[in-house]
Amino acid sequence: MGLFPSQGKDKRGFPTVLGHEGAGVVESVGPGVTDFKPGDKVIPVSVAQCGECRFCKSPKTNLCDRNWINYHVDLMSYPTTRFTCRDQPILQFTNTGTFSEYIVINQIYVVKIHDAPLERVCLLGCGISTGYGAAVNTAGVTPGSVCAVFGLGAVGLAAVMGCKNAGASRIFAVDINEQKFEKAKVFGATDFLNPKAYNKPISEVLAEMTNGGVDFSIECVGNTEERPRRELHWSRVLKVGV
């Protein structure tokens, strides 16, 4: 089993331990670790914060400088990996590799939490924070606004929740799987659209239903073949990771 870098701009390679959402209990700590101790409950995160670099100290961004050193090569701590198989190195996807039962992780990639069900709070590692943050922080959804969320997976539902908590008056939940509508309603969606139920672009449908278009659109589909944002001429569109 060798180490094979992928092609293109992304430097991630194989073999790799996948997984970037998780929660667990610290079993042991290495030399120099002062912020954590055995028994602490933590959530691994794929975007680190060292708290020391110029970006972490800036009020305008949290894109930690140390994070990007490791991120594009999937190493626990540059230039090493802690996973091996048959004496060959194995990478950690987004520096976490949470599909493994045990991981060794740099302390800047974990966040300490209080008592909480680990099987639920694991989603805070990416899906919930991504969708919710896209609505509340990145888009800055305003009270009384009209929103549309495309895709009702974990990220999309979190975006719906963020729009609701930000005070949106109407939230359009858009998905080709209508079985997801009931759950979206629980999270705060008010209107539900299946693009396949119409013989024209869903952007036109939204424009007609909202007197010109929504105030905020959040795309959580991740479909590289059909980009909903190509049709959204009337609204602010945010691309969030899925």
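Since every read-out is calculated from the coordinates, none of them should be taken as a lab result. Since we're looking at a predicted model, the values are computed, not measured. Note that each Cβ is placed from the backbone with ideal geometry, even for glycine, and that neighbours are counted across all protein chains shown.
Residue separation times 0.36 nm, minus the C-alpha to C-alpha distance between Ala116 and Thr80: what's the value? Present the calculation step by step, with values, prior to reporting the outcome.
Values: separation 36, 0.36 × 36 = 12.96 nm, distance 3.22 nm.
Net length gain for the segment: 9.7 nm.
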- Considering Cα pairs under 8 angstrom that are at least six residues apart, work out the relative contact order of the range 76-122 and quote it in whole percent. 29 percent
- Message: Just to confirm a number: summing +1 for Lys and Arg and -1 for Asp and Glu over residues other than Ser169 whose beta-carbon lies under 12 angstrom from that of Ser169, what do you get?
- Response: 0
- Message: Per residue of the range 14-31, what does 6.51 cos²θ - 1.76 cosθ + 1.60 with θ = phi - 60° give for ³J(HN,Hα)? Whole Hz please, x for Gly and Pro, Karplus curve as stated.
- Response: 9, x, 9, 8, 7, x, 9, 10, x, 7, x, 10, 5, 8, 7, 10, x, x
- Query: Taking the simple approach of a point 7 Å from Cα along Cα-to-Cβ for both Phe36 and Ile176, what is their distance in nm?
  - Reply: 4.0 nm
- Per the C-alpha gyration tensor (a ≥ b ≥ c, the square roots of its eigenvalues), the range 20-134 is rounded if a/c is under 1.5, else prolate if a/b beats b/c, else oblate; here it's rounded
